[in-house]
Amino acid sequence: MAEDEALGRPAAGIEPILDAKGLSQGQIVRKRFLGHSGAIIGLVAFAIIFVTAFTSVGYWGIPGWWKYNHEEVSPLLNDGVPTASLWPLAWGEHPFGQDRIGRDLFAMTMRGTQQSITVMLVIGLIAGFIGVVVGALAGYFRGWTEAILMRLTDVIIIIPALLLAAVMAQMAGRRDSGSWFASFASSNGILALGIFLGLITWVGLARLMRGEFLSLREREFVDAARISGASNARIIFKHILPNAIGVLIVNVTLTMSAAILTETALSYLGVGVKAPDTSLGLLISQNQEAFATRPWLFWFPGLFIVLICLSINFIGDGLRDAFDPRQKKFNAKKAKDTGHPLGATPVTAFDGTKGD
């Protein structure tokens, strides 16, 4: 393996993701991503969930194709048991069943999925933007810029995010305060919650990006860009940031997954989304006493929480591998067939006495 690397050949079992000859950077990234099976599965699953949730029960006044909404009450059919079945294949009137008062669980689950995805996207955009900007400025400029930004980060990171979110949700529920915050939050509860959580969840990404920038700013390509007359903004966003994209993507996807769980926890505790609206966490909270008698009221909201989180993490893994040029595939079978099993790699000495 050492000889292979010295001669410029890929080591046994280590395969390049693709032959990048003649391809642009965008084409390389796209082919690497499309070659990641887990990312494609996650992307397809998330696309199906997203389209189904936002088209079935409607959004922002736009009607959906499903006959019920999350507030409509109808007579109980078969004691609310789900009508969908795999064999024989059937959808039925209420595929996910009904709750105790006759509301359609499919409509409520789709509405809760809308809430979770909205929170996830808002938090990912806000936290990602603020974290990148703060971390990049602190790591690149150092000095007093780093001191101020990192002390601000330290102050925010010690504040319990869940506690602050609960206080914000309680303030949003007060209709009599008359403040602009209460007015906006009471009419845009899930959006206000996403914005607030985004403003306090960027600190982890900022610290990671600072570390990446501290390392990358000392590399030769940065010195070359400086010598050629590139501005600080160009060096940060055109030279350093693309090399830190792997850390950025992984952290943002983890933040988005955690955002869904945070919204679920707040709604479960009764300080998140409030009735008559609903969310996946609120559905679980409202029906916790019926776990033994009506378990389907937990199955479907919990299943969608898990599917969304897993699909986002798989997509993040694929994007990290696609953007990071240092990622390589290791083929254990090929390494074994070529006589270089993992853990027993021979090392070939080179003494320089032989000719070319």
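The values are calculated or read from the model by the stated rules, or taken from the named source; none is laboratory data. The model shown is predicted, which means the values in this text are computed figures rather than measured ones. Please note: Cβ atoms are built from the backbone with ideal geometry, for glycine as well, and neighbour counts cover all protein chains shown. When the accessible area is computed, the model is the full protein with side chains, heavy atoms only, and any ligands, DNA or RNA have been set aside. Shrake-Rupley method; radii C 1.70, N 1.55, O 1.52, S 1.80 Å.
Details
- Ligands, DNA and RNA excluded, the heavy atoms of ASP154 present near 50 Å² of accessible surface to a 1.4 Å solvent probe.
- Pairwise FRET efficiency - PHE237 versus LEU23, Cβ, R0 = 30 Å, nearest 0.05: 0.85
- Inter-label distance for LEU261 and PHE50, nm, one decimal - labels placed 7 Å from Cα along Cα-to-Cβ: 2.2
- Note on segment 186-253: with neighbouring protein chains present and a 1.4 Å probe, carbon and sulfur make up 56 percent of its accessible heavy-atom surface.
- The chymotrypsin sites (Phe, Trp or Tyr not before Pro) of segment 71-132 meeting both criteria, a DSSP state outside H, G, I, E and B (loop) and at most 14 other C-beta atoms within 10 angstrom of the site's C-beta, are TRP91.
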